[in-house]
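Taking it in order: structure first as C-alpha cells, then the write-up.
Please treat every number below as a calculation from the coordinates, not as lab data. Predicted model only: the values in this text are computed from it and were never measured. Cβ sites come from the backbone with ideal geometry, for glycine too, and all protein chains shown count toward neighbours.
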Amino acid sequence: MAMSVSASGSGEPMVDMNTTPLIDVMLVLLIMFIITLPVMTNNINLDLPTRPGPDTKREAINLIIDYDGAIVWNGTTVESLAQLEQYFRAEAAKSEQPELHVRPDKRAKYDHVAHVLGMAQRSGIQRIGFAGQEQYLD
C-alpha cells in the first residue's frame, strides 16, 4: 500500500492521485498479453499454386431428375438405372472427366436424387455439382 508523506505541516489533504495501483494493473495486463500472444499466433501452411493452370473449359453433363423419377442425360431420357450407371462408368473412364451438373426438380423425392448421386460417386465421377438452385429460394 502506498503512502505519501508531505513535508509541509499545514495538515491539508493531498490532492495528487495515487498511480501505484494503476501501474500494478497495467503491468499485470502487459504480462498476460506477453504470455498469451504466442498462443494466439498459429501458422497454417498452405500449398498455393506457383503459376496459374491452363484455363480450359470442361464439358458438362446436364442430368435432370424429374419429379416422377425420370432421368434426362443431356436431353436424352434414360430408360433404366443400369443404363445410367453405364453412362457414369463411361464418363469416369475418360482422362478429362466432365463436370456433372445435377438439376433435380423441386418436387423430386430425395431418395431418387440420393440414389443417383450415390451411383455417380460409386462409378468414379469426381466433379459433381448442383444446378438450378434458384427454384428453391421461395
For segment 66-136, what relative contact order do you get, as a whole percent, if you take Cα pairs closer than 8 Å and at least 6 residues apart? 40
Using a simple spin-label model with points 7 Å from Cα along the Cα→Cβ vector, what separation in nm is obtained for F130 and R89? 2.9
Using Cα-Cα distances under 8 Å and only pairs 6 or more residues apart, what relative contact order does segment 12-138 have, in percent? 23
